[in-house]
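Novice: Structure provided below as C-alpha cells; questions to follow.
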Amino acid sequence: MHEFATAQSIVRTVARAAMMNNAKKITAIRLEIGEFTFINPEQLKFVFEIAAKDSIAEGAQLIISKSPGKIKCTKCGYEGGLKYLGPEIHSPLTAAFVLDCPKCESKETEIIGGRELHIKDIKIEV
C-alpha cells in the first residue's frame, strides 16, 4: 500500500511549509492526484489521519481532485485522454504497463500525464 508512504510525504511537506509561515495548525490540504498514480483517495484519507497524528497537520481535511491520464501514440500521433480500466497497481515493479491508443489501437504509446501528485494549497491557522 503506497498510500501510507504518500501520506507521510504529504505530512512532511505541508508541515515544513506551514512552519515556514509561522502556522500553529494546518486545517485543510488540497491535492490533485493523477489517474495513473493508482492512489486510492479513500485509503489516502484514512492513512493520512494516522500519518498526521501528533503533528501540525493532525485533523486537517484532505480535499482531493483527480487529474486525467493522458497518452501519446508514437504511431498515429494521438495525444489525449483515455480511461484506464485495468487492475489497480500497487507495486513499482508492475507499473510498466501498456495502454492501447484509442484512435489506432497501437501499443506504441507513452504516458504524458496523470502520474502527478500536487499539493495545490494548504489552509493554516496562525
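The values are calculated or read from the model by the stated rules, or taken from the named source; none is laboratory data. Small disclaimer: the values here were computed from a predicted structure and weren't measured. No Cβ is skipped: glycine too gets one built from the backbone with ideal geometry, and neighbour counts run over all protein chains shown.
Novice: Could you figure out which of (1) part of a helix (DSSP H, G or I); (2) under 30 Å from Cys104 (Cβ atoms) isn't true of Val11?
Specialist: (2)
Novice: So, one more: Could you identify the single residue in Thr6, Thr37, Thr27 that is of a type in the set (Ser, Thr, Tyr) and surrounded by fewer than 19 Cβ atoms within 10 Å (Cβ to Cβ)?
Specialist: Thr27
Novice: Looking only at the stretch 31-59, which residues are in contact with a Leu (Cβ under 8 Å, 6 or more places away or on another chain) and closer than 11 Å to Ile122 by Cα?
Specialist: The one that is in contact with a Leu (Cβ under 8 Å, 6 or more places away or on another chain) and closer than 11 Å to Ile122 by Cα: Leu31.
Novice: Name the one entry in Gly86, Gly59, Gly77 that is at pLDDT below 95 and assigned to a loop (DSSP other than H, G, I, E, B).
Specialist: Just one listed residue meets the conditions, Gly86.
Novice: Related question: Residues being of a type in the set (A, V, I, L, M) and under 30 Å from Cys101 (Cα atoms): count how many of those fall in the stretch 14-43.
Specialist: Adding up the residues that qualify gives 3.
Novice: Counting only residues that are among the small types (Gly, Ala, Ser) and under 30 Å from Leu99 (Cβ atoms), which one in the stretch 57-72 is surrounded by the fewest Cβ atoms within 10 Å (Cβ to Cβ)?
Specialist: Ser65
Novice: Can you run down the residue pairs with Cβ atoms below 9 Å, 6 or more apart or on separate chains, where the first is in the stretch 1-30 and free of Cβ contacts under 8 Å to residues at least 24 places away in the same chain and the partner is part of a strand (DSSP E or B)?
Specialist: Ser9/Leu117
Novice: Restricting attention to the stretch 43-56, and to residues there that are in a loop (DSSP other than H, G, I, E, B) and in contact with a strand residue (DSSP E or B) (Cβ under 9 Å, 6 or more places away or on another chain), which single residue is surrounded by the most Cβ atoms within 10 Å (Cβ to Cβ)?
Specialist: So the residue we want is Ala52.
Novice: Here is a further query. Hey, Lys66 hits all of (1) of a type in the set (D, E, K, R); (2) without any contact (Cβ under 8 Å) to a residue 12 or more places away in the chain; (3) in contact with a helix residue (DSSP H, G or I) (Cβ under 9 Å, 6 or more places away or on another chain) but one; which does it fall short on?
Specialist: (2)
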